[in-house]
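Enquirer: I have a structure here, written as structure tokens, and I will follow up with some questions on it.
The values are calculated or read from the model by the stated rules, or taken from the named source; none is laboratory data. Bear in mind that the values here come from a model prediction, so they are computed numbers and not experimental data. Using ideal geometry, Cβ is built from the backbone for each residue, glycine included, and neighbour counts are taken over all protein chains shown. Just the protein is used for accessible areas: all its heavy atoms, side chains included, with ligands, DNA and RNA removed. Shrake-Rupley method; radii C 1.70, N 1.55, O 1.52, S 1.80 Å.
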Amino acid sequence: MSRIGRMPIAIPAGVTVEIAENNKVTVKGPKGTLERVLPSEMEIKMEGTEILVSRPNDLKKMKSLHGLTRTLIHNMVVGVTTGYEKKLEVNGVGYRAAKAGRKLTLNLGYSHPVEMDDPEGIETVVEGQNVIIVKGIDKEKVGQFAAEIRDKRRPEPYKGKGIKYADETIRRKVGKTGKK
């Protein structure tokens, strides 16, 4: 049995969850509203202040969908209550980030500054000149946009220059040595 799928999802105060036909789940909370159509094979039930997810049979596909469905609903509930954030660090001489309105401008050693617009429902905050915080209520969108920012200049293994996640460690390599 799926250990994660069996766990009930507690609904905190101030959050409303609606389950429509075809397993369309809508979660409203203090930070906003999220909705998602989940696999129709799963059975999603409200019991008091908890949501329970159960599966129809023990086929491999159903087992894998069971835990996924429960986690997706849990992520929506956490998103509308506390939200998600990813922290990125810009390392390198002359590399910097700036924010103007909804536009994030990155100077990453290219001949031109890289400009990115915040997608719908995502907010970026620049602390100092080299820390970017991506915030939002949808975990998937926050992670995706943070990955897109990081892709503009990935960290390189020799000097560690580039954009990296705050909790990421870069495997460093030794540079070339002089001839004897």
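Per-residue answers, yes or no, for (1) within 27 Å of Gln144 (Cα to Cα); (2) out of contact with any strand residue (DSSP E or B) (no Cβ under 8 Å at 6 or more places or on another chain); (3) modelled with pLDDT under 90; (4) open to solvent by less than 90 Å² (accessible area, probe 1.4 Å):
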{"site": "Glu21", "(1), (2), (3), (4)": "no, yes, yes, no"}
{"site": "Ser40", "(1), (2), (3), (4)": "yes, yes, yes, yes"}
{"site": "Val80", "(1), (2), (3), (4)": "yes, no, no, yes"}
{"site": "Tyr95", "(1), (2), (3), (4)": "yes, no, no, yes"}
{"site": "Ala98", "(1), (2), (3), (4)": "yes, no, no, yes"}
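Enquirer: Which residues, taken from segment 152-167, are open to solvent by less than 30 Å² (accessible area, probe 1.4 Å) and over 26 Å from Asp117 (Cβ atoms)? Give the derivation first.
Expert: Residues of segment 152-167 open to solvent by less than 30 Å² (accessible area, probe 1.4 Å): 155, 160, 162-164.
Gly160 - this is the single residue of segment 152-167 that is open to solvent by less than 30 Å² (accessible area, probe 1.4 Å) and over 26 Å from Asp117 (Cβ atoms).
Enquirer: Assess whether Lys173 counts as being surrounded by fewer than 16 Cβ atoms within 10 Å (Cβ to Cβ), touching a Pro at 6+ places or on another chain (Cβ under 9 Å), farther than 30 Å from Ile4 by Cβ and modelled with pLDDT under 95.
Expert: For Lys173, the condition - surrounded by fewer than 16 Cβ atoms within 10 Å (Cβ to Cβ), touching a Pro at 6+ places or on another chain (Cβ under 9 Å), farther than 30 Å from Ile4 by Cβ and modelled with pLDDT under 95 - is met.
Enquirer: Next question, about the same structure. Condition test on Leu72, is it surrounded by 15 or more Cβ atoms within 10 Å (Cβ to Cβ), within 30 Å of Pro157 (Cα to Cα), in contact with a strand residue (DSSP E or B) (Cβ under 7 Å, 6 or more places away or on another chain) and among the hydrophobic types (A, V, I, L, M, F, W, C)?
Expert: no
Enquirer: A further question follows. Which is part of a loop (DSSP other than H, G, I, E, B) and either touching a Lys or Arg at 6+ places or on another chain (Cβ under 6 Å) or among the acidic types (Asp, Glu) (or both), of Glu85, Glu18, Glu41?
Expert: Glu41 is the lone residue from the list that is part of a loop (DSSP other than H, G, I, E, B) and either touching a Lys or Arg at 6+ places or on another chain (Cβ under 6 Å) or among the acidic types (Asp, Glu) (or both).
Enquirer: If you don't mind, another one. Filter segment 5-14 down to residues that are touching a helix residue (DSSP H, G or I) at 6+ places or on another chain (Cβ under 6 Å) and surrounded by 14 or more Cβ atoms within 10 Å (Cβ to Cβ) and give me whichever is nearest to Arg55 (Cα to Cα). If you could, list the steps in order and put the result at the bottom.
Expert: Step one: list which residues in segment 5-14 are touching a helix residue (DSSP H, G or I) at 6+ places or on another chain (Cβ under 6 Å), which gives 5, 9, 12.
Next, only the ones that are surrounded by 14 or more Cβ atoms within 10 Å (Cβ to Cβ) stay: 5, 9.
On the way: Gly5: 9, Ile9: 16 Å.
Across segment 5-14, the extreme among qualifying residues is Gly5.
Enquirer: I would also like to ask the following. Has segment 101-116 got at least one residue that is over 22 Å from Ala147 (Cβ atoms), in contact (Cβ under 8 Å) with a residue 60 or more places away in the chain and of a type in the set (Ser, Thr, Tyr)?
Expert: Scanning segment 101-116 turns up no residue that is over 22 Å from Ala147 (Cβ atoms), in contact (Cβ under 8 Å) with a residue 60 or more places away in the chain and of a type in the set (Ser, Thr, Tyr).
Enquirer: Conditions first: (1) open to solvent by less than 30 Å² (accessible area, probe 1.4 Å); (2) of a type in the set (A, V, I, L, M, F, W, C); (3) assigned to a loop (DSSP other than H, G, I, E, B). Val134 passes all but one, so which condition is the exception?
Expert: (3)
Enquirer: Right, here's the next one. For segment 19-34, which residues satisfy the criterion of being over 21 Å from Ser64 (Cα atoms) and within 23 Å of the chain's Cα centre (by Cα)?
Expert: Within segment 19-34, Thr26, Val27, Lys28, Gly29, Pro30, Lys31, Gly32, Thr33, Leu34 qualify.
Enquirer: Select from segment 23-38 the residues that are part of a loop (DSSP other than H, G, I, E, B) and open to solvent by 30 Å² or more (accessible area, probe 1.4 Å) and write down the one among them that is farthest from Lys141 (Cα to Cα). Reasoning before the result, please.
Expert: Residues of segment 23-38 that are part of a loop (DSSP other than H, G, I, E, B), as a first pass: 30-31, 38.
Within this subset, residues satisfying the condition of being open to solvent by 30 Å² or more (accessible area, probe 1.4 Å) are 30-31.
Details: Pro30: 19, Lys31: 15 Å.
If we take residues in segment 23-38 being part of a loop (DSSP other than H, G, I, E, B) and open to solvent by 30 Å² or more (accessible area, probe 1.4 Å), then Pro30 is farthest from Lys141 (Cα to Cα).
Enquirer: Sort out which residues of segment 141-180 are in contact with a Ser or Thr (Cβ under 9 Å, 6 or more places away or on another chain) and β-branched (Val, Ile, Thr), and write them in order of number.
Expert: Ile149
Enquirer: Another one. Specify which of the listed residues (Glu89, Glu85) is open to solvent by 60 Å² or more (accessible area, probe 1.4 Å), among the acidic types (Asp, Glu) and in contact with a strand residue (DSSP E or B) (Cβ under 9 Å, 6 or more places away or on another chain).
Expert: Glu85
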